[in-house]
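The values are calculated or read from the model by the stated rules, or taken from the named source; none is laboratory data. All values derive from a computational prediction rather than experimental measurement. Reconstructed Cβ throughout: ideal geometry from the backbone, glycine too, with neighbour counts over all protein chains shown. Heavy atoms of the whole protein, side chains included, go into the accessibility calculation; ligands, DNA and RNA do not. Shrake-Rupley method; radii C 1.70, N 1.55, O 1.52, S 1.80 Å.
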Amino acid sequence: MSAKPVVLVTRKLPAAVEDRLRRDYEPRLNPDDQLYSSGEIIELAEGADAILPCHTEKFTAEVIARLPDSVKAIANFSVGYDHVDTAAAKARGLIVTNTPEVLNDATAEIAMLLLIGAARRAGEGEMLVRTRTWKDWSPSFMVGIQVTGKRLGILGMGRVGKVVARRARGFDMEIHYHDVRRLDPDQEAGAVYHQTVEDLLPVCQFLSVHCPSTPETKGLLNAERIALLPHGAVVVNAARGVVIDDEALIAALKSGAVAAAGLDVFNDEPDIHPEYRELANTFLLPHIGSATRETRDAMGFRALDNLDAIFSGHEPRDRVA
Ligand code: 8YV
């Protein structure tokens, strides 16, 4: 019997995923869940056939160039792969995979939590209760924005965006969207397509960002585009921080042009723009879109399915490079 492929696993994964890794591979696990530097990853990958990383590890062109020759694949434990320079990986003949679909529901749940939490001032309210500064009640106390029946714009109607649309319909929201491609009419389920971002924004009483991080989407929500939103809109982001220009959103939150923002993802996590923390009209979460037991197991299994395909000489289902 040939030796099992060696897999460097950069973070501590769910027990069931690590069990399967031990059964089918020779894994180099990280039981203390240390955050490895690029230099450590390069060293630890010596002699490994593949790496199974999270979005917390950056595979820049420079890191990829320094990976040991033994490494043939990067099987990400994430749907986003903006942390991997796919052009550099391709040039080097490295196979790169991601874990789509399995986190749609969990991420859509978080988007809905952000949407409602921002609109109904959940962060502020919780702070009052926790800090014993809740003293009174009055008809004008903690009045927020009603969600039911409002117009929701979805920027990026991909796998997660579609689930968010379904969930939001449960709140009688009217769905509008922009994506590079229009959906088939049967998939639209009545959602209104806008050919450009600029067409979408003026109708969005709520805007939820669901596009990936690409050179085209970096800073997409800048001051100019934020100014196209109706006054008092609510902005939600459970996709990637880079899509939003922080200075522009913070200025709009301060002026009231944007009434509230619900954010699970940020530029430079976890060292986010400090002003988000100071604002009362933000509802902030620490990148937990996919953080449910079911989803984290499914992400690990999907990454392993991809590795299984690669090491049995088949095309992995989720190849991105
Ligand atoms: C994960 C994510 O927590 O999968 C993604 O792209 O953003 C998150 O849901 C993380 O990336 C795991 O590596």
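Quick check on this structure: which one of P31, P14, P68, P53 is touching a helix residue (DSSP H, G or I) at 6+ places or on another chain (Cβ under 6 Å) and not aromatic (F, W, Y)?
P14
Condition first: part of a loop (DSSP other than H, G, I, E, B) and more than 8 Å from the ligand (Cβ to nearest atom). Now tell me which residues in segment 278-295 satisfy that.
The answer is L279, A280, N281, L285, P286, T292.
What residue, among those in segment 55-106 that are under 25 Å from D308 (Cβ atoms) and among the hydroxyl-bearing types (S, T, Y), is farthest from the ligand (Cβ to nearest atom)?
S70
So which residues in segment 281-307 are open to solvent by less than 60 Å² (accessible area, probe 1.4 Å) and free of Cβ contacts under 8 Å to residues at least 40 places away in the same chain, if there are any at all?
Scanning segment 281-307 gives a single hit, H287.
Filter segment 297-321 down to the residues that are among the basic types (K, R) and in the same structural domain as N98 (by TED's automatic domain parsing) and list them by number.
Answer for segment 297-321, where residues must be among the basic types (K, R) and in the same structural domain as N98 (by TED's automatic domain parsing): just R302.
Check I310, I272 and return the single one that is at pLDDT 95 or above, open to solvent by 10 Å² or more (accessible area, probe 1.4 Å) and in a helix (DSSP H, G or I).
I310
How many of the residues in segment 124-148 are open to solvent by less than 50 Å² (accessible area, probe 1.4 Å) and more than 30 Å from the chain's Cα centre (by Cα)?
Final tally of qualifying residues: 1.
Condition test on D49, is it more than 16 Å from the ligand (Cβ to nearest atom), surrounded by fewer than 17 Cβ atoms within 10 Å (Cβ to Cβ) and over 22 Å from T217 (Cα atoms)?
So D49 fails the test.
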